Every structure is written in structure tokens, then in C-alpha cells.
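The structure appears right after this line, and notes come after that.
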Amino acid sequence: MIILGIETSCDETAICLIEAKDNSVKILGNQLYSQVALHAQYGGVFPMMAKREHGKNLTPLLEKCLEEANVLKQNKKTNVSKEKNTKLKQILIREEGLFEPLIELAKKIEKPKIDAIAVTNGPGLEPALWVGVSFAKALSALWDIPVIPTNHMEGHIMVAPLKKTSDKEYEMTDIQFPAIALLISGGHTQLVLIKDNLNYEIVGNTKDDAIGEAFDKVARILGLPYPGGPQISKLAEKERIEFPNKIPPFPLPRPMIHSHDLNFSFSGIKTAVLYTVQKIDKLTDTMKQEIAREFEDAVVEVIVKKTKEAVEQYGAQTIIMGGGVSANKKIRNDFTKLAEDLNIKFLVPEISASTDNAFMIALAGYINIKAGKKPETEFKAKGNLSL
Ligand code: KG4
Ligand code: ZN
């Protein structure tokens, strides 16, 4: 089965074409345009700007993806009927700049062999999500391909059990259930109990900021560019290498570490960093490094402890980790160790698939189709879509 994945929930525009059969998945084409540099100058993601950029980038990315997959066949005589033209215009009415390039592409290529389209319909920034959703619906109308609305967080989960078998080929490894998934991204910090395939129960959640948001905000306080996660991580690692035994000069709290539930809070630690920095006359690079390390140590300690508690509470056999923050090196190391100590499996995506991408969306679409999920036509983008 050949599936086209489309992802536009935040500031990455991504398109991926996969071919999947049983437990094997092959990437045929994978294109991603990150808007990070654009948003960086404003210190965060601007939803309306993200929307405009997605609109501009989707069609060229689709063309590149089909080209990469070797399924793009130029044909000067491809005809787009008047009815289809009108229908597409209607579907794309609110998506500025999407209709014209898509019609241009449609007129010059043959319908590619795609069995289904999987598109992220939430959670995420609603204006950004709508671009992908409308684009998927337009392609569906143009080429008569069914669409499966796909949950972004489920994508983050499903990409974790993949094992690379060659350059572009993967095998889905078995998950031993029950599993506990820790989802850590710019918008989420959740512990999810997975009793069986596609059976999710959120058992822990953040009461305020997401962990990635805390990384980004602390980075901003320290004067580091957006997105802050990788920046903080780099400084923290440098500090650990240079001064392995230094007592932290700016100690920070471990929020909710003794709360005896599985919830999180990351807003207080960000404020603690702000107060710390406000008291400092001149923030030196050394101080930035020290604060970055202490911040990373504090939040990682909390997520490790809470995940351990969740595993013990539910007798989990597997820890799954997903979301952009799972690209973090210390988090990967500490969770590898936690799983070893608990003698259970730890599944985490390769780094390139940790942050937002369309491969995970195509994959989640495939797994859902295999499980009997039916295509939809009238669905909406939902910013707060839950698992
Ligand atoms: O999953 P993702 O790409 O987008 C959302 O769905 O939110 O996650 C983005 C988040 C950002 O907050 C970014 O700072 C964080 O992931 N991030 C990291 C690292 N790489 C990305 N946080 C900590 N360490 C990293 N190495
Ligand atoms: Zn994400």
C-alpha cells in the first residue's frame, strides 16, 4: 500500500510517500521544509505566518517528493475538468496561494499511484493544520484518493518502534503491552498508557507549560535563539564535560517530583530561571552554561521519576518515547538507563524522526488503515485533538 503523509501542525511543512506491507515500511520520498529560521527572528512560532508558509511550500514539496519517489510522470495533456477545477477552488478558498500552484502541477503530471493520504488534523496550531487538511482534501478530490485524518501525537508514538533495516527501509518491532508512552514536545508533556494496539489512556499531563515550551522559554531568558531545546542541550552538555562534579551555583526546583501523581508542571521552573537571571548583574557565558545544565538536570529528573512511577503503577513492559524533545541526548541516555534498571524495553525514534515530520503521519495512517479505520471527507482540523 502506498501512502502519502502530510504534516503542517506547527512550523514544519512536510510530505512523505511510503510503501508499506505487513510490518515493512519503505520511504519512497521524504521532504521537509523547516520554517524555524523564519520564526526564530520573532522568538517563537507565529500561527498566521506558519499558515502562509505552509501554503507556499506544500505544492513544491509534493512535486519534489513525487520526483524523489520516481512516480512523477510529466504529461502535457493531463486534463483537469471544469467541475474538478471548481471543486478544488472551493476546497482551497481560505488557503491563500494554494490553488494556483496545485492546478499548475495537476495539469502537467499524471495521477501518481497513491492508495491513501494521511494528514495531520490535530493537535497543533489550527490555522496551520487547516492548510494541510485542505490540501489533502484537494488532492483527494483531484485524484480520487481516500483521506485518513491522523493524530499528530499518535504519529510521534508509532514511529518509535521502527527499526532501520537499510537506508530507507524499516521493520516495525513488536511492542510488549502494556506500554507507557512519554510524549514530550513543544505543545505536550503526557504519559500515555497503551494497553493494546491503538488503545490509549492519558494517565499524566502537564498542568501548565509543555516541557519543550519550557526549554524554549528558558533559552529565550538566557538570550539563546529559538528553538531553545537544542541550544540548552548543547550548553548543558559542555558544562557536564568541562565540570563533571561542579555543585550547581544556581540550584532550581524539581517541580512536582514528590506529588505522588503522574502530572507535571514546568511553568514554575521557567519563572525560577527568570528570577535567577534577574538577580544577576552580568550574565556570562559560563553562567548560561551552568543554568542550562541545572535546568536540564531538573526537568529530566522529573520526567524520569514520573515515567518510572507510571511503569510501576501499570506494570508496563515497554517505555515508548516520542515528540521533539526526545531528540535530547541526556533524555535518551537517562531513559536507556532507566529501562535497563527496570529490565524493560525502551523504544525511541531515530533523531531525524523525533521532531515533526510526515513519515510518522504516513506510518500512523497505514497502521490505522490496517486496523480498519475508514477514510473521511468532512473532517475538520482540531487544534486540541486528543489521543
Ligand atoms: O514535536 P516537535 O518537533 O513539535 C511539536 O509538536 O511541538 O517538538 C518541538 C520541541 C521544541 O520545543 C524544541 O525546543 C524541542 O522540541 N527540542 C528539544 C531538542 N530538540 C528539539 N528539546 C530539548 N533537547 C533537544 N535536543
Ligand atoms: Zn510534534
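Points to keep in mind about this one:
- Backbone HN-Hα couplings from phi across region 233-240 [Karplus 6.51/-1.76/1.60, Hz, Gly and Pro as x]: 4, 5, 5, 4, 5, 4, 4, 5
- With every protein chain in place, the chain: carbon and sulfur % of accessible area (1.4 Å): 51
- Each peptide in 126-134, 276-284 receives the mean, over its residues, of other Cβ atoms within 10 Å, and ordering these scores from highest gives 126-134, 276-284.
- Net charge of neighbours whose Cβ lies under 13 Å from the Cβ of Phe99, counting Lys and Arg as +1 and Asp and Glu as -1: +3
- A cut-off of 5 Å between modelled amide H atoms, ignoring neighbours fewer than 5 places along the same chain, links Ser265 with Lys207.
- Residue pairs, from the table Lys345/Lys374; Lys87/Lys137; Lys282/Lys330; Lys195/Lys374, whose Cα atoms sit over 20 Å apart: Lys345/Lys374; Lys282/Lys330; Lys195/Lys374
- Positive-pole candidate from Ser259, Cys16, Ala339, dipole of the chain, charges at beta carbon: Cys16
- The mean accessible area for residues of region 174-348, using a 1.4 Å probe and ignoring ligands and nucleic acids, is 45 Å² per residue.
- Accessible area of region 90-133 divided out per residue, in Å², using a probe of 1.4 angstrom: 42
- Rg then Dmax, both in Å and based on the Cα atoms of the chain: 21.8, 71.
- Convex hull of alpha carbon positions in region 174-348: directionally averaged projected area 9.8 nm².
- Backbone geometry of region 123-129 corresponds, through the Karplus equation with coefficients 6.51, -1.76 and 1.60 at θ = phi - 60°, to 3J(HN,Hα) couplings of x, x, 7, 4, x, 5, 4 Hz, x marking Gly and Pro.
- Of all DSSP-defined beta bridges confined to region 174-348, some 55% are antiparallel rather than parallel.
- Charge tally around Ala214: other residues with Cβ under 14 Å, Lys/Arg +1 each, Asp/Glu -1 each, net -3.
- Area of Phe250 that stays accessible when all protein chains are in place (1.4 Å probe, Å², to 10): 40
- Set Lys207/Lys238; Lys51/Lys382; Lys270/Lys382 screened for pairs whose C-alpha atoms are more than 20 Å apart: Lys207/Lys238; Lys270/Lys382
- Val203 long-range amide H proximity, modeled H, under 5 Å: Leu191, Val192, Leu193
- Taken one residue at a time, the phi angles of region 344-357 give Karplus couplings (6.51, -1.76, 1.60, θ = phi - 60°) of 10, 6, 10, 10, 9, x, 4, 3, 5, 9, 6, 7, 4, 7 Hz. Gly and Pro are set to x.
- By the Stokes-Einstein formula, at 1.002 mPa s and 20 °C, region 49-166 with its Kirkwood radius over alpha-carbon pairs has D equal to 140 µm²/s.
- Percent of beta bridges antiparallel (DSSP, the chain, rounded to nearest 5): 65
- Surface calculation, 1.4 Å probe, protein heavy atoms: Cys10 sits at approximately 40 Å² accessible.
- Between the amide H of Asn30 and those of Leu17, distances stay under 5 Å, these residues lying 5 or more places away or on another chain, with hydrogens modeled in the peptide plane.
The values are calculated or read from the model by the stated rules, or taken from the named source; none is laboratory data. In this text, all values refer to a predicted model and were calculated from it rather than measured experimentally. Positions of Cβ are generated from backbone atoms using ideal geometry, with glycine treated the same way; all protein chains shown enter the neighbour counts. Remember, those area values only see protein heavy atoms, side chains included, never the ligands or the DNA or RNA. Shrake-Rupley method; radii C 1.70, N 1.55, O 1.52, S 1.80 Å.
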